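Read-outs throughout are calculated quantities, based only on the coordinates presented, and are distinct from any laboratory measurement. Here the structure is a predicted model, which means the values were calculated and not measured. Counting neighbours? That spans all protein chains shown, and the Cβs are built from the backbone with ideal geometry, glycine included.
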Amino acid sequence: MWSVIINIELKKGVLDAQGKTTHKALHSLGFHNVKEVRVGKLIELQIEGDNREEVGAQVQDMCKRLLSNPVIEDFNYEIEE
């Protein structure tokens, strides 16, 4: 069994409306030292597979086909046994 953590973030230059709203809210709560907020997604999976390369290929396919929007988002992942 493999544990996979996938981190999905908006690409640089893509407007992050949720991050902007969170930034404003933090300032209104008195956290004026926060200079920028970017909001992303964290996905954790447990996957059965014979080897790390096989699991990695599946994770890339999942991210490209469903979990991320390749037009506006980048992803990276970590695999642990």
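Pairs please, first residue from the stretch 1-19 and assigned to a strand (DSSP E or B), second anywhere and charged (D, E, K, R) and surrounded by 15 or more Cβ atoms within 10 Å (Cβ to Cβ), Cβ atoms under 8 Å, 6+ apart in sequence or on different chains.
Close Cβ pairs (under 8 Å, with a partner that is charged (D, E, K, R) and surrounded by 15 or more Cβ atoms within 10 Å (Cβ to Cβ)) amount to 8/73; 8/74; 9/73; 9/74; 10/16; 10/73; 10/74.
What number of residues in the stretch 1-52 are within 20 Å of the chain's Cα centre (by Cα) and on the phi > 0 side of the Ramachandran plot?
Going through the stretch 1-52 one residue at a time, the tally reaches 1.
Return the residues of the stretch 23-81 that are part of a helix (DSSP H, G or I), in contact (Cβ under 8 Å) with a residue 12 or more places away in the chain and surrounded by fewer than 12 Cβ atoms within 10 Å (Cβ to Cβ); say none if nothing qualifies.
Hits for the stretch 23-81: nothing passes.
Considering each of 56, 49, 19 in turn, give the residue that is among the small types (Gly, Ala, Ser) and in contact with a helix residue (DSSP H, G or I) (Cβ under 8 Å, 6 or more places away or on another chain).
Details: 56 fails: in contact with a helix residue (DSSP H, G or I) (Cβ under 8 Å, 6 or more places away or on another chain); 19 fails: in contact with a helix residue (DSSP H, G or I) (Cβ under 8 Å, 6 or more places away or on another chain).
Matching residue, one of 56, 49, 19: 49.
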